[in-house]
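First the structure, in the form of structure tokens, and then the observations on it.
The values are calculated or read from the model by the stated rules, or taken from the named source; none is laboratory data. A quick note: this is a predicted structure, and the numbers were derived from the prediction, not measured. Cβ atoms come from the backbone with ideal geometry, glycine included; neighbour counts cover every protein chain shown.
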Amino acid sequence: MPRPARNSRGKSPSRAKTVRRRRSAPARLAPENSGERLQKVLAAAGVASRRESETLILEGRVEVDGQTVLELGTRVDRDTQEIRVDGEALTRPKLVYFAVHKPAGVVCTASDPAGRTRVTDLLPPETGRVFNVGRLDLESEGLILVTNDGALANQLTHPKHGVEKTYEVQVMGYPDASVLAQVRKGMHLAEGFARAVKVKIKSRRKNGAILEMVLDEGRNREVRRMLAKVGHKVQRLTRIAVGPIRLGEMPRGAARRLTPEEVRKLRDYIRKNPARNHSKGQQARSAGKSAAGKPLTRQAVFQGRQRKRQAAGGKAAGAPKRGRGPGRKGGQR
């Protein structure tokens, strides 16, 4: 009886194929739009840096629910899935939640080559590995939430949840009713359309006014750019609330733990407002469908991407000019 053919490694083709299939078998992973990236989870657990965690994954040393994961960017749910590195299970750190009053001049980055003070430097030294929920620019101050709860942080920062952030803004000049109406109506910035959910004048001062603005998304320096576009330079910007959590009377540079009641309020806030700033059409497009529920064609996807590029960098050279269709205001969709 003839022996089966063998490959260069001395294994039969069928056996080699079986081994490869077993090695790359997918684990029961979290849905694509939920959970956290595996390398981020490993880094947060203190296993290694994020870059080193990527190497561990590529080397086949990480398992999720008993299955080896080889793909970077794989999303997992730390609360419901077992993750092992070199056969040892990750210990689940105790979840911590802080409110920090960021002063101007403090950065929101995880590391700073210039050695400037970071938001996480304001926490007690025994806190462990944590990260900011969102950011404030260098000149801005106010409330920043800090935690090691990646799932909650993702919900608080994802645009689809529309978590409202409230700002107290000191501006030059006195905005009139038409200016406030324009800020509420919205305007085009480089990366897309932006608007304030609410805006009002709190008080007037010499040569300026103090506004209270509420936004439900977090583009870079959005408040400053919106007000500059309507002719009012921001002199001072303080975030005074994130959802139900308020800055209160915390002094600059102070940090405090959130109470269990405040954490519960944050979770309830997300649960009651699952998609506050997504219209039906926006939700459908994010799911790869038209507003009517039909799958988007390749051409429709390409045109959507092209519109985003044009909004970010102006019309591409040679692109045909498009007029405003009926019921469309300045290209707003």
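For the range 229-261, which residues satisfy the criterion of being in a strand (DSSP E or B) and either under 21 Å from ARG118 (Cα atoms) or under 24 Å from the mean Cα position of the chain (by Cα) (or both)? Scanning the range 229-261 gives ARG236, LEU237, THR238, ARG239, ILE240, ALA241, VAL242, ILE245, ARG246, ALA255, ARG256, ARG257. When restricted to residues that are surrounded by fewer than 14 Cβ atoms within 10 Å (Cβ to Cβ) and either modelled with pLDDT of 90 or more or part of a strand (DSSP E or B) (or both), the range 203-221 contains 3.
Filter the range 55-80 for residues that are over 25 Å from THR127 (Cα atoms), under 23 Å from the mean Cα position of the chain (by Cα) and not in a loop (DSSP other than H, G, I, E, B) and give the result. Break it down stepwise before answering.
From the range 55-80, those over 25 Å from THR127 (Cα atoms) are 55-75; that's our starting set.
Filter once more, so that each one left must be under 23 Å from the mean Cα position of the chain (by Cα): 71-75.
Within the range 55-80, just ARG75 meets the criteria.
For ALA151, the test of being closer than 21 Å to VAL100 by Cβ, of a type in the set (Gly, Ala, Ser) and surrounded by 14 or more Cβ atoms within 10 Å (Cβ to Cβ) is passed.
Within the range 92-107, is even one residue closer than 26 Å to ASN273 by Cβ, of a type in the set (Gly, Ala, Ser) and assigned to a strand (DSSP E or B)?
So the first thing to find is which residues in the range 92-107 are closer than 26 Å to ASN273 by Cβ, and the list is 95-102.
Among the residues that remain, those that are also of a type in the set (Gly, Ala, Ser) are: 99.
With the extra rule that they be assigned to a strand (DSSP E or B), the set shrinks to 99.
So far as the range 92-107 goes, yes, one or more of its residues are closer than 26 Å to ASN273 by Cβ, of a type in the set (Gly, Ala, Ser) and assigned to a strand (DSSP E or B).
Which pairs turn up if I take residues in the range 84-113 that are touching a residue at least 40 places away in the same chain (Cβ under 8 Å) and look for partners that are assigned to a strand (DSSP E or B) and acidic (Asp, Glu) with beta carbon separation below 7 Å, at least 6 apart in sequence or on another chain? From the range 84-113, the pairs are LYS102/GLU141; PRO103/GLU141.
Which residues, taken from the range 107-120, are surrounded by fewer than 12 Cβ atoms within 10 Å (Cβ to Cβ) and either among the small types (Gly, Ala, Ser) or under 14 Å from ALA255 (Cα atoms) (or both)? So that I can check it myself, show each step before the final result.
Start the filter on the range 107-120 by keeping residues that are surrounded by fewer than 12 Cβ atoms within 10 Å (Cβ to Cβ), which leaves 111, 113-115.
Hits for the range 107-120 are SER111, ALA114, GLY115.
When the residues of the range 126-144 are filtered to those that are in contact with a helix residue (DSSP H, G or I) (Cβ under 7 Å, 6 or more places away or on another chain) and among the aliphatic types (A, V, I, L, M), the one that is surrounded by the fewest Cβ atoms within 10 Å (Cβ to Cβ) is VAL130.
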